[in-house]
Every structure is written in structure tokens, then in C-alpha cells.
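Each remark here refers to the structure printed beneath this line.
Just so it is clear, none of the values below were taken in a lab; they were calculated from the coordinates. None of these values were measured; they are calculated from a predicted model. Quick reminder, even Gly has a Cβ in these numbers, built from the backbone with ideal geometry, and neighbours come from all protein chains shown.
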Amino acid sequence: MLFEYQNDVSLRPFNTFGMDVNCTELCEITNEDIARKIILSSKFKNKSFVILGGGSNVLFTDNFEGLVLLNKIEGLYILFENDKEVVVEVGAGVGWHDFVLYCIAQNWGGVENLSLIPGSVGASPMQNIGAYGVEVKDVFYELQALHLETGEIHYFKNEDCKFGYRESVFKNELKDKYLITRVTFKLTKNNHVLNTSYGAIEDELNNMGVEVSTIKDVSNAVIKIRQSKLPNPAEIGNAGSFFKNPVIGTEHLNHLISLYPNIVYYPVNEEEVKVAAGWLIDSLGWKGKTFGNYGVHKNQALVLVNYGGAKGKDILNLSEQIIQEVMGKYNIRLEREVNIY
Ligand code: FAD
Ligand code: NAP
């Protein structure tokens, strides 16, 4: 069992915002035994820690005084398959998009709409990642997680995870209690249920000249749309959508429609609607605003960006100003989706 603690490590390669901060210690976790050894050691007790996968949903506002556990648990095992479906267990450190591409290559359906989302498989249940009308909960079967006090492995089924819109139990009552080590998914092997009605997928498939689409076509369409709209973190630091789309009551919405007829919203249920946070922010003139080396992305008002050398505190302050302005005008409190450290 080989592992080592590295001291005073730069976190710049480990966060897609590209924040140039250090942590006191960092350790790579390549299997459950290593994880258990670390968390049961006296070094770990009463120490600040953060688990990182791909660092694509975090903002560091300062150096991190504590231990970073970098999840590198690999592996992919078929647990069950028949003619119709396959149940596959994936190491938490596997790259999410690598997993999606593997599924497409095997003709396993269910994750094609979630193509090109950065980060790790292990983080996918954390906020129930979602895009183009599909969420990880739709293909999730089970996960294994190491309890950070006892070192025991606990199993969580779909209902145990309390998945919601960009939410799970691990962001709420079980925050910082578990290290997710493996995630199991149930995917289709034929009769795939394609979801092409969301956003620009249909148009992109038409542009591609596709008449009868496959999961590979849908994945390619999603990749094309994302590449045309979203900043590539390898070029411009960002963590995707900084804010969640807020859910408000229909009475509140009706009042807003009377004042702002162009407001963009989608029904959630009979009493609630989801308002496009991007529209709210754009309507206040924030899209494309730049403040030296940071700002709001020019194509997507939900994405805050680091053009190079920005400080996490500046990005956090910018997000606070946006929250205040949206609150002032629309009486809607935006919530941050990105995890702040
Ligand atoms: P990290 O950023 O490393 O961690 C995120 C949080 O999860 C942290 O609090 C961390 O402590 C915790 N965590 C990570 N791994 C574990 C683990 N194994 N056990 C316990 N806790 C853990 N998200 C979407 O939902 N949909 C999108 O379409 C989408 N598009 C994006 C596009 C871009 C360009 C970018 C930069 C981000 C996007 N995101 C999107 C956000 C992000 O990619 C996802 O939330 C992703 O799942 C984060 O994975 P990660 O491994 O990078 O997590
Ligand atoms: P888009 O297609 O321009 O749509 C704008 C917003 O409207 C999205 O936030 C989406 O909500 C909502 N929307 C669009 N069509 C909808 C429908 N038919 N029913 C319900 N809601 C609908 O969005 P985009 O910015 O290009 O992103 C495309 C997809 O990728 C979205 O699903 C988005 O969530 C996801 N994405 C997520 C992140 C992240 O970091 N979380 C970053 C980039 C893209 P939803 O967000 O609820 O889907």
C-alpha cells in the first residue's frame, strides 16, 4: 500500500478555475485501503480537509490550510448484464467524460446527454449532475462511500441519496461525512430512450444531417453545442454554472411576468417554475462584463471566468454583487452551485 503526503502543494492544476493557491498537504487516494489508513490516522483527526476529483465545481478563495484528498480510484467492472441492460461499477476517480465515451463505444445508453461534463465519476452524485434534460439519478444504481469517522464502507441506493435539482444528501446532511469511492450505473443495451427535445439538440442533429439518431449522434450533438457555447477550462478558468436556476412559486412568477414579459421559465410542477438564472443575470447587463482578469463569460451569463491570475475572493465578491442585484430587482435569491473553500 503505497502513498505519500506531499507538503505545500500548488492546487492550480487541480481546480478548473485555475486559482493559484496552495494547500498544506495533499495525498492521492488510489484505493479504499489507503483512504481508510489516512482517515483513521491521528494526522487526519480535527484537521481541515477537502476531497477533490477534477476540481471543476470548486472555488478556492485563499490557500487551503489543511489536507487535500485527491480521488484517483480507477476501475470499471460489469456486475450484471443481460440482453437489455448492463450494471457497471466505476471507480470514483475515473473521468466522467471518459466514462461517457466508453459507454457510447459499448453502445450502452443513458449518459449520452451528459457528454463533456468535466470532473470525476465520484463527484457525479454530489450535485446529481445534469444537462439537456437528463440527471445522473436517471442512470444511478448504487454508490459505495467510505465513512470518514469509522472507515467503514456504506452503500447508498438511489432513494438514500435524496437526489434533487443539483442536490443530494452529500451536499446537505451528510456533507463532509463520506468519501465516495465507487458508483454503479444501470444502462440500456438496446431500445435506448433518446432525449433530444431539450435545448438545441434537435437543431444540431438536423445540422449534422442525422435523420434517425443513435446515442453516439446525441453525444456528438451535445459535444458540439457545448464546445460552441462554453469556455474550455484549459483556456479560460471557470467552474461551469456558478449559480443554480432558482425555483419560485407561480404567484411570484405571474407578478414578474406582468413587469417583465420576456422572463424565461420552465414549469416544475403545478405550483412552481424554474427561472433561467442566465436570463436574470443577462437582463441586468452582466453578460460579458470584465473586471481586469475576471468577469462574466460573453456567451453564458451563468459562468464566471478567470482570464488568468484572478483571485478567488474577487470572483466570490462578483457573485455576491450579482446575487444582490438579482434580489433587488426580481426578489429572487440566487444560490451558488459552485462549492466555496
Ligand atoms: P470537484 O470539483 O473536485 O468537487 C466538487 C465537490 O464534490 C467538492 O465539494 C468535493 O469535495 C466533492 N467531492 C468530489 N469528489 C468526491 C468524492 N469522491 N467523495 C466525496 N466528495 C467528493 N455540472 C453539471 O451538473 N452539469 C453540467 O452540464 C456541467 N457542466 C460544466 C461545464 C464546465 C465547463 C465546467 C467547468 C463545469 C461543469 N459542471 C457541470 C460542474 C462540474 O463539472 C460537475 O459538478 C462535476 O461533477 C464536478 O466533478 P469534479 O470531480 O470536478 O468535482
Ligand atoms: P440552454 O440550453 O441555453 O438553456 C438555458 C436554461 O434553460 C438551462 O439552464 C436549462 O435548465 C433551461 N432549459 C432549457 N430547455 C429546457 C427545457 N426544455 N426544460 C426545462 N428547462 C430547460 O442552457 P445551456 O447553458 O446551453 O446549458 C445546456 C445544458 O447544460 C443545461 O441543461 C445546463 O444545465 C447544462 N450545463 C450545466 C452547467 C453546470 O455547471 N451546471 C454548465 C454548462 C451547462 P437546466 O440547467 O435545469 O437544464
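So which chymotrypsin sites (Phe, Trp or Tyr not before Pro) in the range 178-219 end up in coil per DSSP with only 16 or fewer other C-beta atoms within 10 Å? Please list the in-between numbers first.
Details: sites: Tyr178, Phe185, Tyr198; in loops: Tyr198.
Taking the range 178-219 and a limit of 16 other Cβ atoms within 10 Å, the loop chymotrypsin sites (Phe, Trp or Tyr not before Pro) found are Tyr198.
In order along the range 185-196, the Karplus-derived 3J(HN,Hα) couplings, from 6.51 cos²θ - 1.76 cosθ + 1.60 at θ = phi - 60°, round to 10, 10, 10, 8, 9, 7, 6, 4, 8, 7, 10, 10 Hz, and Gly and Pro are given as x.
Treating cross-link reach as a plain straight distance, find the aspartates and glutamates whose alpha-carbon is under 17 Å from the alpha-carbon of Lys216, omitting any fewer than eight places away in the same chain. Within the straight-line cut-off, Lys216 pairs with Asp98, Glu112, Glu202, Asp203, Glu204. Distant-in-sequence amide contacts of Ile129, defined by a placed amide H-H separation under 5 Å and a gap of 5 or more residues or a different chain, comprise Val136. Electrostatic tally near Asn339: other residues with Cβ closer than 10 Å to its Cβ, Lys and Arg +1, Asp and Glu -1, net +2. For Lys274, the aspartates and glutamates whose Cα falls under 14 Å of its own Cα, not counting residues fewer than eight places away in the same chain, are Glu251, Glu335. Across the chain, the longest piece that holds none of the trypsin sites (Lys or Arg not before Pro) lying in DSSP loops with up to 10 other C-beta atoms within 10 Å covers 85-341. Each stretch of four or more DSSP H residues adds -39500 (n - 2.57); spread over every residue of the chain, this sum gives -7000 deg cm²/dmol at 222 nm.
For the range 36-170, what is the number of Lys pairs with C-alpha distance below 20 angstrom, counting only pairs 8 or more positions apart or on separate chains?
Counting lysine pairs in the range 36-170 gives 6.
Database remark: amide H of Ser120 closer than 5 angstrom to the amide H of Gly54, Trp96 (H placed geometrically; neighbours at sequence offset of 5 or more, or on other chains; Pro and chain starts carry no H).
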